[in-house]
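A short write-up of the structure that comes next.
Each value in this text was obtained by applying a stated rule to the coordinates, not by laboratory testing. Note that the structure is predicted; figures quoted are calculated from it, not measured. Using ideal geometry, Cβ is built from the backbone for each residue, glycine included, and neighbour counts are taken over all protein chains shown.
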Amino acid sequence: MLDYVLKLTRDPGGMSAADVEALRAAGFGDRAVLDICQVASYYAYVNRLADGLGVELEEHWSDEDCTLTRDEFEALREARRAGARARTAEGPPP
C-alpha cells in the first residue's frame, strides 16, 4: 500500500493497472483500493492547496511532528508488508 501511495504522490502520471493489481495481490479489495487512492489523493490536494495559499502550520505543530524519518518509514512499510504476507498465508476470510 505504501509503495502505491508513494508512486501516486511522486509520479501520478506513471500509475497503471499493474499498480492496482499489486494492491489486489496484497489482499486489498476494490473498496479498499478506492479508499487508499482517495485518501492519498485528498492529502496531496489539501497539501498543495495549503502550500499554494501559503498556509503555515499552527504554532503547536513542529516539523518533527509532521515528518517520518527514513527508518520510521521503512519500519512502517515492512510492518505493512508482513501484514499482507500474513493475510495472504491465512487465505480469504470465511
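Structure summary
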| item | result |
| --- | --- |
| Hits in the stretch 42-68 - residues which are exposed (fewer than 11 other Cβ atoms within 10 Å of the Cβ) and farther than 23 Å from PRO12 by Cα | GLY54, GLU56, GLU58, GLU59, HIS60, TRP61, SER62, ASP63, GLU64, ASP65 |
| Qualifying positions in the stretch 69-88 - within 13 Å of the chain's Cα centre (by Cα) and either of a type in the set (Phe, Trp, Tyr) or outside any helix (DSSP H, G or I) (or both) | PHE73 |
| Residue pairs meeting the criteria (Cβ under 8 Å; at least 6 apart or on separate chains; first in contact (Cβ under 8 Å) with a residue 24 or more places away in the chain, in the stretch 9-29; second β-branched (Val, Ile, Thr) and surrounded by 15 or more Cβ atoms within 10 Å (Cβ to Cβ)) | PHE28/ILE36 |
| Positions within the stretch 27-41 being under 16 Å from ALA84 (Cα atoms) and surrounded by 14 or more Cβ atoms within 10 Å (Cβ to Cβ), in sequence order | GLY27, PHE28, ALA32, VAL33, ILE36 |
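Matching residues to (1) closer than 26 Å to THR88 by Cβ; (2) of a type in the set (Val, Ile, Thr); (3) out of contact with any Lys or Arg (no Cβ under 6 Å at 6 or more places or on another chain):
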{"residue": "ASP3", "(1), (2), (3)": "yes, no, yes"}
{"residue": "THR9", "(1), (2), (3)": "yes, yes, yes"}
{"residue": "ALA17", "(1), (2), (3)": "yes, no, yes"}
{"residue": "GLY27", "(1), (2), (3)": "yes, no, no"}
{"residue": "VAL33", "(1), (2), (3)": "yes, yes, yes"}
{"residue": "GLN38", "(1), (2), (3)": "yes, no, yes"}
